[in-house]
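The values are calculated or read from the model by the stated rules, or taken from the named source; none is laboratory data. These numbers come from a predicted model, not from an experiment. Here Cβ is always computed from backbone atoms with ideal geometry, including for glycine, and neighbour counts include all displayed protein chains. Surface areas here come from the heavy atoms of the whole protein model, side chains and all, with no ligands, DNA or RNA. Shrake-Rupley method; radii C 1.70, N 1.55, O 1.52, S 1.80 Å.
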Amino acid sequence: MTEPKPTVLLAYPGQRALAESLARHSGYALAEIKVHHFPDGEAKLMVPAELADCCVVLVCSLDQPDAKTLHLLFAADAARDMGARRVGLVAPYLAYMRQDVRFAPGEAISSRSYARLLSSGLDFLLTVDPHLHRYHSLSEIYTCQAVHLSAMPALADWIRREVAQPLLIGPDAESAQWIEAVAARIGAPFRVLEKVRHGDKDVRISLPDVAALRAHTPVLIDDILSTARTMATAVQQVRAVGLAAPVCLGVHPIFAGDALAVLAASGPARIASCNSIPHPSNQIDLGPLLAEALPALCQT
Ligand SMILES: O=P(O)(O)OC[C@H]1O[C@@H](O)[C@H](O)[C@@H]1O
């Protein structure tokens with residue numbers, strides 16, 4: 001019988017918590033990518049020298065993606081130079097997916113360009129709930145092996161443990177897919193709100209009748225919390241119709257700028273997120289989910 005080839009996880013700076021969970025749940029060795037910044041603004045990347053015949057898994061979520069992406073591509077090259085037979089990236093949050101169409105002549109379709117760039121340096125990409133709005137699958141734009149997982153079972157289990165009598169609410173039509181997945185797992189009632197975006201920070205939402213569900217605890221679920229205007233507006237709407245203060249759950253807690261303060265001011269009962277991006281609201285560990293998917297990607 002042939003021995004399985006070794007797999008090594010390499011954590012990008014700042015991604016240690018997720019990488020440690022991934023190492024714990026997979027049993028794979030964990031080391032670090034080191035980034036040195038020169039005075040001129042350029043970076044020097046270092047990976048361990050002993051990677052011969054390994055599957056190397058870079059671990060780095062892709063919020064604030066621009067510098068990280070360049071560094072990860074340098075690290076991927078360095079790993080190959082050290083003999084890695086396969087190099088992949090675990091990026092629970094995948095950047096640029098919301099820029100999936102050209103709204104004006106000359107505008108870049110960044111999701112597509114970004115996919116080309118990442119695919120050029122990786123054998124595989126493993127991510128969680130990428131924002132597939134106009135695309136149906138990552139393979140429409142990624143030429144490396146691109147696999148996405150859903151955090152909804154993990155969210156559902158968290159809700160089952162933490163919330164009595166949940167009423168699941170999606171802030172817009174796009175969220176229906178997630179709400180339905182969670183509802184199917186825990187058998188809770190659900191509603192999906194209607195959203196109209198008037199500008200980056202101006203989002204208006206309407207709520208269908210929920211009078212019969214006042215005894216429930218509303219749980220708002222969305223994939224991305226970026227400016228948090230979508231979530232904050234949904235919180236206000238939920239409260240305006242006399243429901244209890246809701247629990248807010250997001251898979252990807254970007255919380256750009258004043259987003260957390262804005263959401264907190266809207267009056268939620270709780271805010272919780274997956275550890276797809278390191279944030280104080282992280283309560284749902286994606287490590288087990290990602291660890292389960294890695295062997296198939298590494299042993300190819
Ligand atoms: O309102 P913010 O937090 O800026 O943006 C997040 C929302 O924008 C959508 O693309 C996401 O699916 C989510 O509903």
Tell me, please, whether a residue that is more than 30 Å from residue 56 (Cβ to Cβ), surrounded by 15 or more Cβ atoms within 10 Å (Cβ to Cβ) and in contact (Cβ under 8 Å) with a residue 24 or more places away in the chain can be found in segment 289-298.
no
Is at least one residue of segment 146-154 more than 18 Å from the chain's Cα centre (by Cα) and either open to solvent by 80 Å² or more (accessible area, probe 1.4 Å) or not basic (Lys, Arg) (or both)?
no
Sole residue being outside the structural domain of residue 62 (by the TED database), under 23 Å from residue 95 (Cβ atoms) and open to solvent by less than 50 Å² (accessible area, probe 1.4 Å), chosen from 251, 247
251
Residues 211, 265, 269: which one is modelled with pLDDT under 95 and of a type outside the set (Lys, Arg)?
211
Output the number of residues of segment 47-80 satisfying the condition of being open to solvent by less than 10 Å² (accessible area, probe 1.4 Å), outside any strand (DSSP E or B) and among the β-branched types (Val, Ile, Thr).
1
Given the condition of a type outside the set (D, E, K, R) and crowded, with 20+ Cβ neighbours inside 10 Å, answer yes or no: does some residue in segment 37-46 qualify?
no
Evaluation of residue 95 against (1) in a helix (DSSP H, G or I); (2) within 16 Å of the ligand (Cβ to nearest atom) (one fails), failing number:
(1)
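In the list 169, 159, which residue meets the criterion of being touching a residue at least 60 places away in the same chain (Cβ under 8 Å), within 14 Å of the ligand (Cβ to nearest atom), of a type in the set (A, V, I, L, M, F, W, C) and not in a loop (DSSP other than H, G, I, E, B)? Reasoning before the result, please.
Values: 159 fails: within 14 Å of the ligand (Cβ to nearest atom).
Sole residue among the options that is touching a residue at least 60 places away in the same chain (Cβ under 8 Å), within 14 Å of the ligand (Cβ to nearest atom), of a type in the set (A, V, I, L, M, F, W, C) and not in a loop (DSSP other than H, G, I, E, B): 169.
Which residue, of 88, 83, is within 21 Å of residue 145 (Cβ to Cβ), in contact (Cβ under 8 Å) with a residue 24 or more places away in the chain, in contact with an Asp or Glu (Cβ under 8 Å, 6 or more places away or on another chain) and surrounded by fewer than 17 Cβ atoms within 10 Å (Cβ to Cβ)?
Testing whether each residue is within 21 Å of residue 145 (Cβ to Cβ), in contact (Cβ under 8 Å) with a residue 24 or more places away in the chain, in contact with an Asp or Glu (Cβ under 8 Å, 6 or more places away or on another chain) and surrounded by fewer than 17 Cβ atoms within 10 Å (Cβ to Cβ) leaves just 83.
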Qualifying residues in segment 206-242 (those that are hydrophobic (A, V, I, L, M, F, W, C), open to solvent by 10 Å² or more (accessible area, probe 1.4 Å) and more than 10 Å from the ligand (Cβ to nearest atom)) - the one nearest to residue 127 (Cα to Cα):
207
Could you give every pair whose Cβ atoms fall below 6 Å, whose first residue belongs to segment 218-239 and is of a type in the set (Ser, Thr, Tyr), and whose second residue is within 8 Å of the ligand (Cβ to nearest atom), counting only separations of at least 6 or pairs across chains?
226/254; 226/256; 227/201; 227/256; 227/259; 230/171; 230/203; 233/203
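For (1) loosely packed, with under 15 Cβ neighbours inside 10 Å; (2) outside the structural domain of residue 64 (by the TED database); (3) over 18 Å from residue 57 (Cβ atoms), each residue gets a yes or a no:
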{"residue": "103", "(1), (2), (3)": "yes, no, yes"}
{"residue": "118", "(1), (2), (3)": "no, no, no"}
{"residue": "123", "(1), (2), (3)": "no, no, no"}
{"residue": "127", "(1), (2), (3)": "no, no, no"}
{"residue": "131", "(1), (2), (3)": "no, no, yes"}
{"residue": "142", "(1), (2), (3)": "no, no, no"}
For segment 5-55, enumerate the residues that are closer than 18 Å to residue 80 by Cβ and hydroxyl-bearing (Ser, Thr, Tyr).
7, 12
Could you give me the residue pairs with C-beta distances under 9 Å whose first residue belongs to segment 116-134 and is on the phi < 0 side of the Ramachandran plot and in a loop (DSSP other than H, G, I, E, B), whose second residue is β-branched (Val, Ile, Thr) and open to solvent by 10 Å² or more (accessible area, probe 1.4 Å) wherever it lies, and which are 6+ apart or on separate chains?
123/300; 131/224; 133/101; 134/101
